[in-house]
1. Enumerate the calculated ³J(HN,Hα) couplings along the range 200-209 in order (Karplus 6.51 cos²θ - 1.76 cosθ + 1.60, θ = phi - 60°), each rounded to whole Hz, writing x wherever the residue is Gly or Pro.
2. Cut-off under 28 Å on the C-alpha distance; same-chain residues fewer than 8 positions from Lys153 excluded. Which lysines are left, in chain and number order?
3. Excluding Asn406 itself, what net charge comes from residues whose Cβ is under 14 Å from its Cβ, given Lys and Arg +1 and Asp and Glu -1?
4. Could you rank the peptides 282-291, 153-162, 184-193 by their average count of other C-beta atoms within 10 Å per residue, with the highest value first?
5. List the residues, sorted by chain then number, that are 5 or more residues from Tyr338 or on another chain and whose placed amide H is less than 5 Å from its amide H.
6. Which value in nm describes the separation of the simple spin-label points at Lys429 and Glu388, placed 7 Å from the Cα toward the beta carbon?
7. When the Karplus curve 6.51 cos²θ - 1.76 cosθ + 1.60 is applied with θ = phi - 60°, which whole-Hz ³J(HN,Hα) does each residue of the range 58-71 get, with x for Gly and Pro?
8. Which residues does a label at Lys119 reach in the range 168-204, if reach means a backbone N under 20 Å from a point 7 Å past the Cα toward the Cβ?
Amino acid sequence: MPKRSYLFILLLLITSNTITAQQTPLAEDYNFLTASIDSLNFQPKKSFWEKDATQIAFVPSLFFTASAVTWKNKEEIREVRNRYIPSFHYKFDDYVQYLPAAATFGLKAAGVKGRNNFKRSALTYGTNMAIMAILVNGVKYTAKVERPDGSSKNSFPSGHSAMAFSNAAFLDKEYGLVSPMYSIGGYGAATMTGVGRSLNNRHWVSDVFAGAGIGILSTQLAYFFVDKIYGNKGDNLSLLSTFEGNDNPSFLSLKLGFTNGLESIVETEEQESLAQLGWEAGIEGAYFFNKHWGLGGQIAIASFPFSEDKVDTPDEPTIDAKILSESMGNLTFSIGPYYAIHFSDQWNLMIKALGGYSVGAHGTISLKVLSHEVNIPEMQEDKVQIAEYKPANVFQFTGGLALTYNITDNLGATIYSDFNHSQSKITYKIDDNILEPEEPQINVVKHPFNYLSTGIRLTAYF
């Protein structure tokens with residue numbers, strides 16, 4: 001090989017070593033800087049919905065708000081139960097409340113991986129039960145609210161509902177990431193328990209809402225504290241993160257709102273509306289075949305209490321009395337198409353058009369006698385029945401809009417507004433004792449009945 005080639009190779013080696021020697025301090029400085037930045041552990045600022053306090057308290061606060069809103073109307077709401085199924089008495093709620101917890105530990109015993117291993121789940125569940133027991137019993141024996149059936153004064157809040165929703169939240173926490181159907185099943189069992197407590201006349205609806213809020217809150221707090229002890233959010237989160245969810249907005253929700261009749265159901269002789277403002281509650285859900293189109297329905301109860309102060313009491317100096325009336329109401333089963341518009345990952349608007357069957361609740365109008373100086377032979381338990389009424393069962397159309405903010409991938413808060421239309425037919429039967437000569441005893445009134453319902457929904461996706 002020529003000498004010129006040797007010199008070229010030697011020069012190249014020397015130059016390479018020099019460059020490497022010059023870059024080594026720079027590389028060390030870079031590595032030191034990178035390690036220093038990492039040690040600062042920069043984290044993006046959490047949004048309001050991502051903060052621990054919001055995650056823990058938001059859903060329970062919705063139930064507590066519903067309890068407060070329904071408190072003044074709890075007797076009117078119970079009246080609906082007494083008119084449709086006054087003799088209902090089945091003890092399924094004594095057992096269904098435990099099903100979600102039994103399912104959770106059953107899945108773990110069968111080897112199905114959940115959020116946590118068995119030992120940590122048991123610790124969390126024990127903490128959950130302790131928090132729930134303290135909250136429920138602390139309020140129960142302080143408030144001393146009488147039960148609807150008059151059996152005792154420990155009605156508020158509902159312990160069965162607290163247990164059921166606590167167990168449902170426990171199942172959701174452990175297996176909701178594995179499949180949303182576990183969450184739907186758990187909360188479905190909890191809802192059955194809460195409804196059962198009202199149907200069995202053991203609790204006011206406000207008791208049930210408060211119990212549900214306490215149950216979910218106790219579970220959230222238990223996971224918060226136990227996660228702090230373990231220093232992470234779960235034993236198997238890396239495994240569960242591989243499960244892919246369904247992007248279609250199929251949902252199940254609980255709804256509560258107010259109703260406003262666009263025309264009067266019943267009027268006084270001066271054409272003043274007697275029953276126009278009321279309330280609505282129900283369950284709604286839909287299965288979506290893709291991101292936009294779905295098929296669903298709802299079961300809803302609407303009630304329109306009478307404005308008794310607008311009814312003239314008898315002009316009789318020997319009798320002091322006031323008018324009492326059961327609310328006008330209907331139970332509706334409906335089904336139809338849903339269309340979803342997605343503005344972003346957090347916001348969507350749903351449009352629905354439902355048709356269904358509306359079952360009217362019959363009721364009575366009575367005179368509550370406060371005092372009297374003459375004998376009233378028709379009076380029973382200080383009441384004299386004046387009339388009774390029965391709405392016919394009719395077809396009802398419901399169209400509406402619902403705007404939802406998705407708090408998490410599986411939960412959303414919804415504001416809804418529905419328009420409801422039916423052709424009402426109400427039969428009134430006047431009591432013989434108050435009929436004037438030649439007045440008809442039975443009157444049938446037919447007219448379109450339209451009303452708006454506006455309220456909130458707690459929406460769970462599956």
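1. 7, 6, 9, 8, 6, 5, 5, 5, 5, 4
2. Lys72, Lys74, Lys91, Lys140, Lys144, Lys368, Lys383
3. Net charge around Asn406: -2.
4. 153-162, 184-193, 282-291
5. Sorted by chain and number, the residues that satisfy this are Gly294, Leu295, Gly296.
6. Distance between the two pseudo-spin positions: 0.5 nm.
7. For the range 58-71, the Karplus-derived couplings read 5, 5, x, 5, 5, 5, 5, 5, 4, 5, 5, 5, 8, 4 Hz, x marking Gly and Pro.
8. 174
The values are calculated or read from the model by the stated rules, or taken from the named source; none is laboratory data. All figures in this text were calculated on a predicted structure; none of them were measured in a lab. Glycine gets a Cβ as well: all are built from the backbone with ideal geometry, and neighbour counts include every protein chain shown. Protein only, heavy atoms only, side chains kept; ligands, DNA and RNA dropped before computing areas. Shrake-Rupley method; radii C 1.70, N 1.55, O 1.52, S 1.80 Å.
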